[in-house]
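The values are calculated or read from the model by the stated rules, or taken from the named source; none is laboratory data. On a predicted model such as this, the values are computed, not experimentally measured, just so you know. So basically every Cβ, Gly included, is an ideal-geometry build from the backbone, and we count neighbours across all protein chains shown.
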Amino acid sequence: MISLRSIAVLVLASLAAGCAPPPPAGQTDVAGVPQTFYGSVIETDGALQAQDVREALAEDGRASLTFEGEVTATCAKKGCWMDVASGSDTVFVRFLDYSFFVPTEGAEGKRTVVQGEAFYDTLTVPMLKHYAEDAGKSQAEIDAITEPELRLAFTATGVMIEG
């Protein structure tokens, strides 16, 4: 026969299990791999590879898409941009209206999925020098920047970084 004490213990145990804190906002765990979202939570399935972004721009030079690659650099000062590579291509990613930022350290080498708009952008010498400073480049590397550069760029509405 079940005692009143046993029922009370079961009820309290059930309540305690239901009160476990949820994971931090923007974090999920897929197949044992933690995923952290910045900006909008995005769908990560079916993303293009970073090396395929250029082909998606062939028609009019702009495309709304989702792609994945490896974070190779982030803004060390604020996390306001990152470089994402796959194969021989690198995409320069900024974040829509500076509404979110990524970690300034520890993202390099991690898989990322990014959603937003891809386009070509000509970066001026002052802007390239600014980004080089943000990345922690040496003064000699910064001084070596003397010409504008056409880059494959991306304005992200949402980013997922694994790990």
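Looking only at residues of the stretch 104-149 that are touching a residue at least 40 places away in the same chain (Cβ under 8 Å), part of a loop (DSSP other than H, G, I, E, B) and not hydrophobic (A, V, I, L, M, F, W, C), we find that the one that is nearest to Ile161 (Cα to Cα) is Lys110. Annotation note: Cβ proximity below 6 Å between a residue of the stretch 39-63 that is crowded, with 16+ Cβ neighbours inside 10 Å and a residue that is small (Gly, Ala, Ser) and in a loop (DSSP other than H, G, I, E, B) (sequence gap 6+ or interchain) occurs for Gln51/Gly87.
The residue that is surrounded by the most Cβ atoms within 10 Å (Cβ to Cβ), counting only those in the stretch 70-91 that are part of a loop (DSSP other than H, G, I, E, B) and of a type in the set (Gly, Ala, Ser), is Gly79.
The test for being closer than 20 Å to Val41 by Cα, outside any strand (DSSP E or B), touching a residue at least 60 places away in the same chain (Cβ under 8 Å) and among the hydrophobic types (A, V, I, L, M, F, W, C) holds for Phe101.
Do the conditions hold for Thr157, that is, is it at pLDDT 95 or above, touching a strand residue (DSSP E or B) at 6+ places or on another chain (Cβ under 9 Å) and polar (S, T, N, Q)?
yes
Residue-wise test of (1) among the small types (Gly, Ala, Ser); (2) under 17 Å from Glu149 (Cβ atoms).
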{"residue": "Leu57", "(1), (2)": "no, yes"}
{"residue": "Thr66", "(1), (2)": "no, no"}
{"residue": "Lys78", "(1), (2)": "no, no"}
{"residue": "Ala85", "(1), (2)": "yes, yes"}
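Taking the residues in the stretch 92-125 that are among the hydrophobic types (A, V, I, L, M, F, W, C) and surrounded by 21 or more Cβ atoms within 10 Å (Cβ to Cβ) as candidates, determine which candidate is nearest to Gly79 (Cα to Cα). Looking at the filtered set, the residue picked out is Val102. Of Gly116, Gly87, all but one fail to be in contact with a helix residue (DSSP H, G or I) (Cβ under 7 Å, 6 or more places away or on another chain) and at pLDDT 95 or above; the exception is Gly116.
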